[in-house]
1. Among the residues of the range 188-219, write down those that are at pLDDT 85 or above, loosely packed, with under 13 Cβ neighbours inside 10 Å and more than 21 Å from the chain's Cα centre (by Cα).
2. Mind checking which residues of the range 62-76 are surrounded by 14 or more Cβ atoms within 10 Å (Cβ to Cβ) and in contact (Cβ under 8 Å) with a residue 24 or more places away in the chain?
3. Any chance you could count how many residues in the range 105-120 are of a type in the set (S, T, N, Q), without any contact (Cβ under 8 Å) to a residue 60 or more places away in the chain and either out of contact with any Leu (no Cβ under 8 Å at 6 or more places or on another chain) or crowded, with 18+ Cβ neighbours inside 10 Å (or both)?
4. Among the listed residues 79, 123, identify the single one that is crowded, with 16+ Cβ neighbours inside 10 Å and within 30 Å of residue 259 (Cα to Cα).
5. Identify all residues within the range 134-160 that are surrounded by fewer than 22 Cβ atoms within 10 Å (Cβ to Cβ) and acidic (Asp, Glu); write none if there are none.
6. Give the range 335-359 a look and list any residue that's out of contact with any strand residue (DSSP E or B) (no Cβ under 6 Å at 6 or more places or on another chain), modelled with pLDDT under 90 and within 10 Å of residue 285 (Cα to Cα), or say none.
7. Going residue by residue through the range 269-287, is there one that turns out to be touching a strand residue (DSSP E or B) at 6+ places or on another chain (Cβ under 7 Å), crowded, with 20+ Cβ neighbours inside 10 Å, of a type outside the set (S, T, N, Q) and under 30 Å from residue 97 (Cα atoms)?
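The values are calculated or read from the model by the stated rules, or taken from the named source; none is laboratory data. Just so we're clear, the structure is a prediction, and the values are computed from it rather than from any experiment. Cβ placement follows ideal geometry from the backbone for every residue including glycine, while neighbour counts extend to all protein chains displayed.
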Amino acid sequence: MSGGVDSSVSAYLLQRQGFIVEGVYMRNWDIADEEGECTSDQDWQDVRMVCDQLKIPCRQVDFTKEYWVHVFVKMIEDYESGITPNPDITCNRKIKFGWFLDRCLNSIPERDKSSTWVATGHYVQNEITDSGRIKLLRGADSNKDQSYFLSTVPEEKFRNVIFPVGHLLKKEVREIALKADLIVACKKESMGICFVGKKKTFSKFLEQYIVSKPGDVKTLDGVVIVKDFGNLGQHNGQFAYTIGQRARINDKYKWFVHRRDSKENTLIAVPGSDHPAFFSKGLIAKDWIWSWNEPPEGIREGVELLGQVRYRQYPGMLFRFEIFLNINNSCRPDDSYIVEFQEPQWAIAPGQYVVVWKGDWCLGAGVIHDTID
């Protein structure tokens, strides 16, 4: 339980269905911001109050060390190297559905494991096939579907996991919370990264861990952009920008970041967010993880799948593309995959994930290494 409405309603629904329920709160971060505020304290308090309402026990488990080592440090290293990581996907694979899930299930006597599940408030669904394989499916609410974030979690991790709100719309979950008079029924969703705090921008937060080095902002031709009155256009740290972001140069043109060069400590910018340089015909992905550990039967070279290169991708969140799989690794020894789009895609950021589906079935994901223009 996170202290939010989704996990609280999940606990409520399971209790109504006759399950014996225990609330477990996972702490991943324990450093207060400069104002002395630590939002996780309020979340833990909300978990306890909801559990008191439902008359179920609750406990807190601490994974701050694991999160720091396996998620946070890697994120900082990625930003320093000039790419834009996705720590939420890493956290789900290594922490929530890794150490956290294992600790919960390992605390159960062996005789009870077949009738014990870990439930979360994610907007996803899972399905067991006739052959006993497990499919991760999109949530019923297309606007809240979170299969993108669970795309690298191995199939076997879902065997003892259920998603009580995955078949519901967000408004239905909110209505259930209101009817049940849960204290978090009107609690706002947490949209930011958990460790940043309410009073900081993400770039200001990163400055605590990465040394800011001012550098030039250049055009595609390598010319330093000059602001009005002859002042050089500079950034305060290339790590604070991502692809497609406004370059914040006080100029008569609106400049947007096309790419970052960490070696030269420069930003390459183009005039206008719809500049042709932003659109790519394809990408190269590495470190691919299949939910079933290998491409499912029927997924071969040139197959047409659905995909996303970012969460809540606009328009319609989906695009269709051809993915050329190197199943035998005969062509690309680095185990990378070439993805070709049916239509050019905008502002693809190296370090983010490309996730693929067959219909609603989430097959897996890979880290975006480079674009194909």
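1. Those that are at pLDDT 85 or above, loosely packed, with under 13 Cβ neighbours inside 10 Å and more than 21 Å from the chain's Cα centre (by Cα): 208, 211, 213, 214.
2. 63, 64, 66, 67, 70, 71, 72, 76
3. Residues meeting the conditions: 4.
4. Checking each option against the conditions leaves just 79.
5. 141, 155, 156
6. 335
7. There is at least one residue in the range 269-287 that is touching a strand residue (DSSP E or B) at 6+ places or on another chain (Cβ under 7 Å), crowded, with 20+ Cβ neighbours inside 10 Å, of a type outside the set (S, T, N, Q) and under 30 Å from residue 97 (Cα atoms).
One line per residue, one yes/no per condition, for (1) more than 25 Å from residue 18 (Cα to Cα); (2) of a type in the set (Lys, Arg); (3) not in a loop (DSSP other than H, G, I, E, B):
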{"residue": "101", "(1), (2), (3)": "no, no, yes"}
{"residue": "112", "(1), (2), (3)": "no, no, yes"}
{"residue": "122", "(1), (2), (3)": "no, no, no"}
{"residue": "132", "(1), (2), (3)": "yes, no, no"}
{"residue": "141", "(1), (2), (3)": "yes, no, no"}
{"residue": "144", "(1), (2), (3)": "yes, yes, no"}
{"residue": "148", "(1), (2), (3)": "yes, no, no"}
{"residue": "156", "(1), (2), (3)": "yes, no, yes"}
